[in-house]
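As structure tokens, the structure follows; a few thoughts come after it.
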Amino acid sequence: MFTLFKNACVYTLKRPEAIDMARLNELLTAYPFSPCAANDMSRTGWRPITRDSDRFYHAAGKNILLVAQNQKKMLPSPVVREILNARVEKLEQEQSRRLKSPEKATLKEEVLHSLLPRAFTRDSFTQIWIDLERGRIVVDTLSPRNAETALALLRKSLGSLPVVPIMAASPPAMELTAWLKMQRAPAPFMLGDITTAKVESVLEAGATTTFKKEPVCSETLETSLSDGRIASSIAVQHERRFRTDVTLSDDLVFKRIGYSDVFVEANNDITVDDDENEAQALARQDADFILMCDTLGSVIADTLAAFGGESES
């Protein structure tokens, strides 16, 4: 049913009342996942929250969990290119002329459609957490593009979805740069003795340096932050009830989220053995989901607070 979020694209839900709990399952049921047909490139739909279930969401208090499933046909580029080049060459010889770009594009579409019925498929799953109390939607992905795809399915299911990416009042890159220069972060965040950071030039596009396991006090890191360079991401620890490792970035995507052993073991009193029934297994997953919502919700809220609060614009 649920795995701990490893990344988080976060959105502000402008009107939490847009989530109609009374009709939510009915609305999601209209768009269930089904495998790709022979000529489909991809398909996306909702996955039941548990195997053989007719429910497409899980609710724990004001926290809702959804899972979108995507299936995509895999067409290796070298194979497509080889077949396309052969067809282009044949036509050019038959017609004694060079094919124009639009003609090649049409041929490529024909090649793709001819290969689709024989293509392998790859499935992926995207978890969505709706936080009605804080008015946020969190998508478990590194990619804002993947997040938008999942939210498009939710918008289609609900009819409307008034969300915008979270924004901070103060530019995150400026705050992260200040943390590195001071070699400390404001509570409840902590910079370890060693960090991973990405430093970019504001004057030269594409001039990026990535530091891995670099001492925070190193002269190399200090020098890199001069001459119009800023920190676009740094790895920090968040200390509340549990320690949480997270990489904060200037686009406010939370990356490489790591949970402490204490967090992972917090619900160990709810034992789950292979011989136990599904209800007992769900009890453990429900407890882990609630704990993650509380922990990750604090990480997001404290990050926005450290960056001057959430922007209203």
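Does any residue in the range 1-18 that is buried (at least 19 other Cβ atoms within 10 Å of the Cβ) come within less than 6 Å, Cβ to Cβ, of a residue that is among the small types (G, A, S) six or more places away or on a different chain, and which pairs are these?
Pairs that qualify, where the first residue is buried (at least 19 other Cβ atoms within 10 Å of the Cβ) and the partner is among the small types (G, A, S), are C9/A147; L13/G135.
Any residue at all in the range 212-223 that's closer than 18 Å to K6 by Cα, surrounded by 12 or more Cβ atoms within 10 Å (Cβ to Cβ) and either modelled with pLDDT of 95 or more or not hydrophobic (A, V, I, L, M, F, W, C) (or both)?
No; the residues of the range 212-223 include none that is closer than 18 Å to K6 by Cα, surrounded by 12 or more Cβ atoms within 10 Å (Cβ to Cβ) and either modelled with pLDDT of 95 or more or not hydrophobic (A, V, I, L, M, F, W, C) (or both).
What tally of residues in the range 160-171 results from selecting those that are in contact with a helix residue (DSSP H, G or I) (Cβ under 8 Å, 6 or more places away or on another chain) and either surrounded by fewer than 16 Cβ atoms within 10 Å (Cβ to Cβ) or free of Cβ contacts under 8 Å to residues at least 24 places away in the same chain (or both)?
The qualifying residues number 3.
Looking only at the range 172-192, which residues are under 19 Å from K213 (Cα atoms) and touching a residue at least 24 places away in the same chain (Cβ under 8 Å)?
Once the filter is applied, which keeps residues that are under 19 Å from K213 (Cα atoms) and touching a residue at least 24 places away in the same chain (Cβ under 8 Å), the range 172-192 yields L176, T177, W179, L180, K181, Q183, A185, F189, M190, L191, G192.
Which of (1) exposed (fewer than 14 other Cβ atoms within 10 Å of the Cβ); (2) touching a helix residue (DSSP H, G or I) at 6+ places or on another chain (Cβ under 8 Å); (3) of a type in the set (V, I, T) does I234 not meet, given it meets every other one?
Of the numbered conditions (1) exposed (fewer than 14 other Cβ atoms within 10 Å of the Cβ); (2) touching a helix residue (DSSP H, G or I) at 6+ places or on another chain (Cβ under 8 Å); (3) of a type in the set (V, I, T), the odd one out for I234 is (1).
Got at least one residue in the range 139-151 being in the same structural domain as D245 (by TED's automatic domain parsing), among the basic types (K, R) and over 15 Å from F307 (Cβ atoms)?
no
Which condition number in (1) over 23 Å from R145 (Cα atoms); (2) assigned to a strand (DSSP E or B) is the one that Q69 fails?
With respect to (1) over 23 Å from R145 (Cα atoms); (2) assigned to a strand (DSSP E or B), Q69 is out only on (1).
Would you confirm whether or not the range 152-169 contains a residue that is polar (S, T, N, Q) and over 30 Å from H58 (Cα atoms)?
no
If T29 satisfies every condition in (1) under 19 Å from the mean Cα position of the chain (by Cα); (2) surrounded by 14 or more Cβ atoms within 10 Å (Cβ to Cβ) but one, which is the exception?
Every listed condition holds for T29 apart from (1).
The values are calculated or read from the model by the stated rules, or taken from the named source; none is laboratory data. Everything numeric in this text was worked out from a predicted model, so none of it was measured. Neighbour counts run over all protein chains shown; Cβ positions are idealised from the backbone, glycine included.
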